[in-house]
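Beneath this line is the structure, given in structure tokens, with notes to follow.
The values are calculated or read from the model by the stated rules, or taken from the named source; none is laboratory data. Treat the numbers as computed from the prediction; the structure is a model and nothing was measured. Cβ placement follows ideal geometry from the backbone for every residue including glycine, while neighbour counts extend to all protein chains displayed.
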Amino acid sequence: MDWLNAIVQGILLGGLYALFAAGLSLIFGVMRLVNVAHGDFIVLAAFLALVVTQSTGLHPFMTFIFVIPLMAGLGYALQRGLLNQTLGHAILPPLLVTFGLSVILQNGLLEIFSADNQKMDAGPIETMSLTVAEGLNIGVMPLAVFVIAIGVITSLQWMFYGTALGRAFRATSDNQQIAQLMGLNNRHIFGLAMALALVVVAIAGIFLGMRTSFDPSVGPGRLIFGFEAVIIGGLGNLWGTLIGGILLGVSQNIGAQINPGWQLLAGHLTFLVVLAVRPRGLFPKVDG
Amino acid sequence: MPEPVLLQTHDLVARYGDFQALFGIDFSVSAGEVVAVIGANGAGKSTLMKAIIGLLPSPAGSVLYHAKPIGDLAAHEITHLGMTLVPEGRQLFPSLSVEENLVIGGQMNRPGPWSVAAVYDLFPVLKQRRHQPSTSLSGGQQQMVAIGRALMSNPDLILFDEVSLGLAPIIINDIYAALPRIIEQGMSAVIVEQDISRALAVSDRAYCLQEGRISLEGPSGCLTRAAVNHAYFGV
Amino acid sequence: MTEATTYRVIQSTPSSQMAALAALALLVILVAAPWWAGRGDMRLLSEIFLYLSLAVLWNLLAGYAGLVSVGQQAFVGFGGYGLFALAMFLGLHPLLAVPLVGVAAALIAIPIAFLIFRLSGAYFAIGTWVIAEVFRLSFAQVSSLGGGSGTSLPIAIVKSMAGSRALRDSISYWAALAMIVLVLAVVYLWLRSRHGISLTAIRDNELAARSLGIDVWWTKFWVYLVAAALTASVGALLFLQKLRISPDAAFNVNDWTAYVIFIVVIGGIGTMEGPLIGTLVFFLLRGFFADLGTVYLMVLGAVAIVVILKAPRGIWGYIHDRYGLTLFPVSRRVVKFDSSHKNENPS
Ligand SMILES: Nc1ncnc2c1ncn2[C@@H]1O[C@H](COP(=O)(O)OP(=O)(O)OP(=O)(O)O)[C@@H](O)[C@H]1O
Ligand SMILES: [Mg+2]
């Protein structure tokens, strides 16, 4: 039963990792940008949510009213003001600029909030659980995160393939010059993509802050989990990303079951094994 | 020409890094006119199209459209003013279906006769393939999508860059057969074409480019074969 | 035979010959530091040498081979732990352990390269980070090395290096000096060699390099291996100075990678001189602003961003473009060579 429990909890944890990964996958898909500060933005969103609950008394769930628009605006401004300048054929500028951003964000948060552990109090829902079978309980909170992750991925999928904005994203990603001939301003499109990515980041941050404790230094770890989920699932495949997240969560929990010190190690090893045997991930997107 | 001038370039130059591809081009298109651009490989025809549409930067005053300086505008701004380019090599969006390629061409919502239905009317074969990935079409059908996509923005001026490139003669005929219907409502066109006789046959006026400079210009009907050969090959 | 105007490919320039002489003089002065410098100065100099070594190596990876690693702390920590392990468990003299951990790091870098070379660009970067995490978590599991809380080098081992504390200080100073000389020599000679041309070609245009028949994969592979070996040796010396190691310190991304990246970017990535300038700037800034702690880091991050966007080739690139100065002539020029003037102006 312990093992089954570990696996089930791991699957639910995978939902959170898929949330970490979805934003990363989105901006890579649209502009081939890898945001090294992605994890730090998740942590920033968690701190924003914390400030909102503390200053307004809102339930952490409801902080999205403020956190989502703030992060979206930040994403758009950041892309147009800074990141658009780094896009081109060279890989160094975007990488180093987002790396610099990561250091600035981490230390900025450290300066404001200190290195203390923080956690948002979500109230009674934190301890609620459903008993599925004898000895197998599913926490309501992890389940909620998992369901939200599925919701987010479904919405992104629909946005990408069913809306004008998604069409513009795909066209711009295919060919920036020709997309301009359609009247699309690719700088604006990229700004929107980053805004949308940071909306997902905001959701991920809020749930990170409710599910686990966090401090300014945990960003890179979240980036790595998101990145591993993306690579395991296959680049450019959103549902693959969910499966990647689940595999990562399950491996971590099984590792922890064997030896508490092996939790993270087991996740990384799963990633490395996938990289060794299926370098393009389990479900690579087949290019048309 | 009694018609007002629609597009005009003054001393237009274009570079790729250190390499200068165009030298002082003075080029114009009047409203309702069909202008051909001919020239050997590498003469600078595509470069001229890219400079006009804003894919290559130039000083504001070197390109005038509707008498307005547009040289310093970006391509996405120029297309909003009612000019578009059917790019060399078709360049459809591979992630988009046939119909999506058309729809995205019309996303600026400029009013005019062209709609998805009108394009299907012009190229009926596309209708059966509307939900297929654009990459699954034959070369000729892809070219039809590229033309349809450009028409969807209802431009006043459409630039065609070698629509016949790599197509079988019979397909080329099909494509050129659509030209009269495209321009019948007053749309102006620039046609870049390697096939000199076809270029002269479909156009009112023609320019010949040679190594980045205009080597010949005149009404298509009045250009003699010898003059064109000389302007084309520089011999 | 016509008029004797010949062309030669040269690498040296007047400024570089001056620089070589100056470097020699500087080396003599530095070797003599134990006789003129205090203990604190020597520690600072050692730190500068070791940071400069890390910067030169990272520049070789990212600036020349296009291998943007943010996980070199894997090898720094591996070197540190390796030295502690060899000294504590096998009783090896710590200085003997330094080259040995280099060899070990090169060996372990082989399978790592095969794995992470499957990722490209930014994904490669994050892949290296994962590797560093695996190293950190693995060493935290080794209880004989103190597990997660780390361990100190036993006094007996420290004392075995030399009887007196002054001599010990001098020895670890000389080791750091020898390290930077070795690193500079290896990288400089490599870039000047035939393989250096392939590397420069890859830096300038990977696709073109490929079409010239340069084996990009293997070139990168060797760069990665050599950088791993030397980085581990530097790590061994770093922790030999600290005498204490823990997973968090050994595999710290800020200390061993972020700072190093800033040094190289600010100094001028893809140039030999860049890391030198960057290290000087870094230590100057640190001298003034280190008390500011986190703010200092934020400023460094911001400066790096501005440099990347506004002067992508860093301070050195700016100086080079302006004044045509070259200290380490690794690029080749074809110059007209006749009796009247020996050297053309450097371009
Ligand atoms: N992206 C580019 N970078 C550098 N040089 C270019 C580029 N595109 C074109 N050129 C050069 O500019 C010149 C003009 O090219 P352009 O494509 O305009 O010729 P063209 O007349 O359209 O030829 P074709 O009939 O082959 O299409 C050529 O010498 C070409 O090599
Ligand atoms: Mg052309």
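How many of the residues making up the stretch A:41-66 are buried (at least 20 other Cβ atoms within 10 Å of the Cβ) and of a type in the set (Ser, Thr, Tyr)?
Qualifying residue count, the stretch A:41-66: 2.
If you scan the stretch A:241-262, which residues turn out to be within 11 Å of chain C (Cβ to nearest Cβ) and surrounded by 18 or more Cβ atoms within 10 Å (Cβ to Cβ)?
If the condition is that a residue be within 11 Å of chain C (Cβ to nearest Cβ) and surrounded by 18 or more Cβ atoms within 10 Å (Cβ to Cβ), then A:Gly255, A:Trp262 are the ones that fit.
Restricting to helices (runs of 4 or more DSSP H) lying wholly in the stretch A:172-267: which have 3 or more residues that are within 30 Å of B:Ala150 (Cβ to Cβ)?
A:176-181, A:186-211
Among (1) over 25 Å from A:Arg187 (Cβ atoms); (2) more than 8 Å from chain A (Cβ to nearest Cβ); (3) surrounded by fewer than 19 Cβ atoms within 10 Å (Cβ to Cβ); (4) not aliphatic (A, V, I, L, M), there is one condition B:Gly140 misses while meeting the rest; what is its number?
With respect to (1) over 25 Å from A:Arg187 (Cβ atoms); (2) more than 8 Å from chain A (Cβ to nearest Cβ); (3) surrounded by fewer than 19 Cβ atoms within 10 Å (Cβ to Cβ); (4) not aliphatic (A, V, I, L, M), B:Gly140 is out only on (3).
Out of the stretch A:157-169, which residues are surrounded by fewer than 23 Cβ atoms within 10 Å (Cβ to Cβ) and in contact with a helix residue (DSSP H, G or I) (Cβ under 7 Å, 6 or more places away or on another chain)?
Within the stretch A:157-169, A:Gln157, A:Met159, A:Phe160, A:Leu165, A:Gly166 meet the criteria.
Take the residues in the stretch B:192-208 that are modelled with pLDDT under 95 and within 13 Å of ligand 2 (Cβ to nearest atom), then tell me which one is nearest to the chain's Cα centre (by Cα).
My answer is B:Glu193.
Listed here are the residues, each with its yes/no results for (1) of a type in the set (A, V, I, L, M, F, W, C); (2) more than 12 Å from every other protein chain (Cβ to nearest Cβ); (3) within 22 Å of C:Ile110 (Cα to Cα).
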{"site": "C:Leu237", "(1), (2), (3)": "yes, yes, no"}
{"site": "C:Leu240", "(1), (2), (3)": "yes, yes, no"}
{"site": "C:Asn252", "(1), (2), (3)": "no, no, no"}
{"site": "C:Gly268", "(1), (2), (3)": "no, yes, no"}
{"site": "C:Gly278", "(1), (2), (3)": "no, yes, no"}
{"site": "C:Phe282", "(1), (2), (3)": "yes, yes, no"}
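Every residue in the stretch A:51-103 that is in contact with a Gly (Cβ under 6 Å, 6 or more places away or on another chain) and either closer than 28 Å to A:Gln176 by Cβ or among the acidic types (Asp, Glu) (or both), please.
The answer is A:Tyr76, A:Gln79, A:Arg80, A:Ile91, A:Gly100.
Starting from the stretch B:73-89, take each residue that is more than 7 Å from chain A (Cβ to nearest Cβ) and list its partners that are among the aliphatic types (A, V, I, L, M), counting only C-beta distances under 6 angstrom and pairs at least six apart or across chains.
Hits for this filter: B:Ile78/B:Ile53; B:Ile78/B:Ile70; B:Met83/B:Leu157; B:Val86/B:Ala146; B:Val86/B:Ile147; B:Val86/B:Ala150.
Return only the number of the condition from (1) touching a residue at least 24 places away in the same chain (Cβ under 8 Å); (2) more than 16 Å from ligand 1 (Cβ to nearest atom); (3) of a type outside the set (Asp, Glu) that B:Val192 does not satisfy.
Exception for B:Val192: condition (2).
With the requirement that a residue be away from every other protein chain (no Cβ under 14 Å) and either surrounded by fewer than 17 Cβ atoms within 10 Å (Cβ to Cβ) or more than 9 Å from ligand 1 (Cβ to nearest atom) (or both), what does the stretch B:39-61 give you?
Residues satisfying the conditions are B:Ala40, B:Asn41, B:Gly42, B:Ser58, B:Pro59, B:Ala60, B:Gly61.
Counting only residues that are under 14 Å from A:Ala21 (Cβ atoms) and surrounded by fewer than 20 Cβ atoms within 10 Å (Cβ to Cβ), which one in the stretch A:263-283 is farthest from the other protein chains (Cβ to nearest Cβ)?
Filtering the stretch A:263-283 for residues that are under 14 Å from A:Ala21 (Cβ atoms) and surrounded by fewer than 20 Cβ atoms within 10 Å (Cβ to Cβ), the one farthest from the other protein chains (Cβ to nearest Cβ) comes out as A:Phe283.
Out of curiosity, is B:Gly17 within 12 Å of chain A (Cβ to nearest Cβ), on the phi > 0 side of the Ramachandran plot and not hydrophobic (A, V, I, L, M, F, W, C)?
no
Got at least one residue in the stretch B:130-138 being closer than 29 Å to B:His66 by Cα, away from ligand 1 (no atom under 16 Å from the Cβ) and of a type outside the set (Asp, Glu)?
For the stretch B:130-138, residues closer than 29 Å to B:His66 by Cα, away from ligand 1 (no atom under 16 Å from the Cβ) and of a type outside the set (Asp, Glu): absent.
Can you work out which of the residues in the stretch A:79-113 that are outside any helix (DSSP H, G or I) and at pLDDT below 90 is nearest to the other protein chains (Cβ to nearest Cβ)?
Checked the stretch A:79-113; the qualifying residue nearest to the other protein chains (Cβ to nearest Cβ) is A:Ile91.
How many of the residues making up the stretch B:21-38 are within 9 Å of ligand 1 (Cβ to nearest atom) and either surrounded by fewer than 22 Cβ atoms within 10 Å (Cβ to Cβ) or within 14 Å of another protein chain (Cβ to nearest Cβ) (or both)?
1
Which condition number does C:Gly82 fail, the rest of (1) within 30 Å of C:Arg168 (Cα to Cα); (2) within 14 Å of chain A (Cβ to nearest Cβ) being met?
C:Gly82 satisfies all of (1) within 30 Å of C:Arg168 (Cα to Cα); (2) within 14 Å of chain A (Cβ to nearest Cβ) except (2).
Could you tell me whether the stretch B:1-10 includes any residue that is part of a strand (DSSP E or B), within 16 Å of ligand 1 (Cβ to nearest atom), hydroxyl-bearing (Ser, Thr, Tyr) and surrounded by 17 or more Cβ atoms within 10 Å (Cβ to Cβ)?
yes
Checking B:Ile78 against (1) crowded, with 20+ Cβ neighbours inside 10 Å; (2) within 14 Å of ligand 1 (Cβ to nearest atom); (3) of a type in the set (A, V, I, L, M), only one condition comes out false. Which one?
Result: B:Ile78 fails condition (2) only.
Please find, among B:Val29, B:Val63, the residue that is more than 16 Å from ligand 2 (Cβ to nearest atom), out of contact with any Lys or Arg (no Cβ under 9 Å at 6 or more places or on another chain) and aliphatic (A, V, I, L, M).
None of the other options fit; the residue is B:Val63.
How many of the residues making up the stretch B:157-172 are crowded, with 20+ Cβ neighbours inside 10 Å and part of a loop (DSSP other than H, G, I, E, B)?
Of the residues in that region, 3 qualify.
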